[in-house]
Structure formats: structure tokens, C-alpha cells
1. Would you pick out the residues in segment 151-165 that are out of contact with any His (no Cβ under 9 Å at 6 or more places or on another chain) and within 14 Å of Gly195 (Cα to Cα)?
2. Could you tell me whether Gly379 is of a type outside the set (A, V, I, L, M), under 20 Å from Gln183 (Cβ atoms) and either within 16 Å of the ligand (Cβ to nearest atom) or within 22 Å of the chain's Cα centre (by Cα) (or both)?
3. Quick one: which residue in Gln32, Gln63 is at negative phi, at pLDDT below 95, of a type outside the set (Val, Ile, Thr) and within 13 Å of the ligand (Cβ to nearest atom)?
4. For segment 434-447, what are the residues that are in contact with a His (Cβ under 9 Å, 6 or more places away or on another chain) and either away from the ligand (no atom under 16 Å from the Cβ) or of a type in the set (Ser, Thr, Tyr) (or both)?
5. Do any strands (runs of 3 or more DSSP E) entirely within segment 146-235 hold 3 or more residues that are under 26 Å from Ile401 (Cβ atoms) and in contact with a helix residue (DSSP H, G or I) (Cβ under 6 Å, 6 or more places away or on another chain), and if so, which?
6. Which members of segment 68-122 meet the condition of being basic (Lys, Arg) and more than 15 Å from Gly379 (Cα to Cα)?
7. Say we look at segment 135-152 and pick out the residues that are within 12 Å of the ligand (Cβ to nearest atom) and polar (S, T, N, Q); which of these is surrounded by the fewest Cβ atoms within 10 Å (Cβ to Cβ)?
Amino acid sequence: MEKLYESMYQLIVETSTKLPKDVRRAILKAKQRENAGTRAAMSLATITENIKMADENVSPICQDTGLPTFKIKVPVGINQIQIKETIKKAIAQATKDGKLRPNSVDSLTGENSGDNLGEGLPVVKFEQWEKDYIDVRLILKGGGCENKNIQYSLPCELEGLGRAGRDLDGIRKCILHAVYQAQGQGCSAGFIGVGIGGDRSSGYDLAKEQLFREVDDVNPNEELRLLEEYIMENANKLGIGTMGFGGETTLLGCKVGAMHRIPASFFVSVAYNCWAFRRLGVHIDPNTGEIIKWLYQDGEDVDFQENAAQEEHLASTDSERRVITLQAPITEEQIRQLKVGDVVRINGIIYTGRDAIHKYLMDHDAPVDLNGQIIYHCGPVMLKDENGNWEVKAAGPTTSIREEPYQGDIMKKFGIRAVMGKGGMGQKTLQALKEHGGVYLNAIGGAAQYYADCIEAVEGVDLLEFGIPEAMWHLRVKDFTAVVTMDSHGNSLHEDIEKSSLEKLSQFKEPVFS
Ligand code: SF4
């Protein structure tokens, strides 16, 4: 199989940089449903622009290239050890080439291996089958959506929905609740895979297995088909919308599978995947290792270029938003004028900081003067060019809520005026924004190419010993666009959407499937 390395490298690069056709069609439909001039429409226009840019640049769609999981079916007699070793080599090379972010971290020391390899990584699962070719499928699932997976043990009590029993109706409630609890934090609109039954680990495996189904396939089990249709119709009435900004589309796909269980346990496991649904597959010739077919590429293709005219229209019918330009350092007075819903365009320097930086800043001095500055929750993909200068390859926001224990204290300690990320933050940060005079800015999750394009230069880096994603990068930006979702007057769009979606969720309390 001398061509296998090349085939695996191609599969990894295509998966990271090009969304499959079925996913593109689902995103286009969502875009067509939104009303012009809304935050959801603006977010979807940014998302489709980002997809286009990733295609053109052959660069990661999102900077979080996730945990690579391969599912492989092989004819009897194929050397699985050789396939696994080849995949590892291809993963390391794709990381070196900036197609994957170095994402493999030692869980005990915190050290990043730098090449996406490590204990248990990448995940490679084999199965034998009777066919005469190899089927390889890959999913790159990022942390923001992985953290919104959820598992229910029935019977249970669910917020807004009451008792979920050990029957189809209880399962229905769990799935609706899973969509509600994710809010915008997993970069909605999302896709969910649901596993009914099994134990805790096989239930999650079954849920993730569903993500390998085509978005537009039809479940052969009639009961599950009806359940999938019901969820698609009704989860979208929760009004969470793209990025949790509100809107018509919260869910882009729902696939449900069932397996047997033991009498004492009844698990419903839900795997949540963001809009950047990067999964592809190939059929491989077992003699040569060559690709004989690409999967998930049937049906109509979507040319987001054709929608450019509509986007211009959206920009000109900007009814829901004020657009304000910000240049750091920012004064408290400027910050106090900003209100939830305002769109900001940032020019000047921003500083990245995520988990390691926040922990560090709690008991150390900052390496730069952060007074009046903007902290960006982001772990970019960076590469050095031929002259040894750093280049940004992908730079979308990461989930902010992880910094909740530190954020308010750090803002006050260093005089930071704005933090930017995705998914919003909690009460502690909201209180600090009010007392200190600060705002939370929600950038569009997953729009890593769009934001990389707004970065004019890398002006410096500190604390690189924490690894590339965790270092503090000094980025000079132009027209870097985000939405104010928490302001200095105690308002939070995230809280409002959570409240209104909980009210809507409670409308689904009555049994539907008996
Ligand atoms: S789109 Fe959002 S949830 Fe998905 S990988 Fe990127 S940052 Fe994570």
C-alpha cells in the first residue's frame, strides 16, 4: 500500500479545510431562513464567507482542529498496525504544514506534544468487514462542541420539561434538553448524534457514530425517523439561533441510533457538533493504498460565492445594530457607551489569552501593559514563514466560559476594558464588567479564516513556553468584527436568550410519543 500515506494526508487536509457537500447544503438552508439585518444573518454571512476562504486558502476552517478520530473498516487479512503508523505520520506532517493545530496535551504535565500525537491520540478504531476495500472515515470535532455533549440516565427530572421516563417520550425530552443546554456555546447552529441504550461509554460511541451519517439520509427505523423529524422541527422553535444570538435555526441535523441495554440502566447520550462539521471519508484500494472514492460528496454542491449579492444586501439593511469602531487603549467612558447588540469593529492591537494565560495572570505580572486593552480568547494556528516570521493561519475565538473563575479579577487587576471570545460568560464576569467598566465581545465561533484575514501583523509573543495555542500573541488587527453581548450596565444577551429559550422549552412538556 505505497500510496496510503498520500491518501491519509489528503483525507486529513480535506477534512480540516473543506466542509462536505451535505453540511454546506444544511448551512445554506439555514442562511436562507434568517431575516435580513439580524445578528443571526450577519453571523451566517460571516460563516459562509469563512467557508469560502478556507476553500481558497486550503487552510483550517476553524483554528480548533479538534481531536482526530478515524473509523476504519478493513477486509480480513489487512495489516492494521501498518495503517495506524501511516496515519500517525500523516497527522504529524499535516500539523507541521499548518493544516492541523497542535492539539495533543499531556493530561498530567500540560505539555503539548507539538505534533498531535500522544497517548491514545489520534483515536483510530478498526472493524473487519466482508467487502474488498478499506473504508476510512475521519471526524475533527473541536473542544467547544465536545464540551456540550451530555448524557442522561433515565428516569430523570429535566429543567423546563419535568420528568423524563424510560420511554420514547422521555428520550424526546432529553434530546430537546440537550439542544437547550448547549445554547450557543458549541458554536450553534449544530448537528446532534444521539445514542439510546448501551452503557456510558458505548452509548457515547453510538451517539458519535450517528455523526457519520449523511445529513439528509432517512432513518430506516420508523419510530426513530419520526423522532428525528420531530426534533428538527421543534428544536428550531427554541430561538437560540446561530452563536446563541437568537434566530430561526438552532439545529442543522439530528440523527438517532438505538442499541440494547441492561435492565438497570437507560442512557440517552448526545454528541453535539458545531456548524464546522468536519467529517469526511474515503474508500481505499487495499493493494495500492490509493483513494478510489470520496464520501459525503454526492448531490448538489453549494457555491457560497453566488450568495455574495445577498450578503451585501444584508449589510445595507443593518436595522438591528449600531456599528462602532474601537481602537485600543480604550477608556472607561468609551466602554460605558457600548450596549448589548452593538457591533464593534476593532483596529489596533489585541492580545490573545486563554486557559494557561488566565491562570498565570492571577499571580504574576503581565508581560505587557494591559491597561485599556482587549484580551482575545483564542488559540491560533501559527506557522513561521521562510524568513522566520510568525504567520497566522487560523484565529477564531475559543469558548470563554472556561475563564469565568479568573476573568473579572484579571480585568480589574490589569485595567483590561474588553474581553472577546465566544459563547458568553457568567454572573461573576457580568458583575465585574459593571463595577469596573468593561464589555464582553462575542466573535463568530469557527470563523477562523475570516478573522485571520483581519490580522495585519504579529507584533510579538509572550509565554510561548505554554505552547502555540496558549501563548500570548500580540496581533495588529483591522476591522475585526464582534458583537457586544455583555455590557457595563448589567445586560447579557446570553442570559436573555437562555431565559426565553427555557420558556419555549417548557411548551414541550406534554407527552408527544406514548
Ligand atoms: S466552530 Fe466552535 S465549537 Fe467548532 S471547533 Fe471551532 S471553536 Fe470549537
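The values are calculated or read from the model by the stated rules, or taken from the named source; none is laboratory data. Note that this is a predicted model, so its numbers are computed, not measured. Ideal geometry is used to build each Cβ from the backbone, glycine not excepted, and the neighbour counts take in all protein chains shown.
1. Within segment 151-165, Gln151, Ser153, Leu154 qualify.
2. Judged against the criteria, Gly379 is not a match.
3. Gln63
4. Matches in segment 434-447: Lys434, Tyr440.
5. Hits in segment 146-235: 190-196.
6. Hits for segment 68-122 are Lys71, Lys73, Lys84, Lys88, Lys89, Lys96.
7. Selected residue: Asn147.
Yes/no matrix, rows are residues, columns are (1) crowded, with 24+ Cβ neighbours inside 10 Å; (2) more than 17 Å from Gly244 (Cα to Cα):
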position: Ala394; (1), (2): yes, yes
position: Tyr406; (1), (2): no, yes
position: Val419; (1), (2): yes, yes
position: Asn442; (1), (2): yes, no
position: Glu456; (1), (2): no, yes
position: Glu459; (1), (2): no, yes
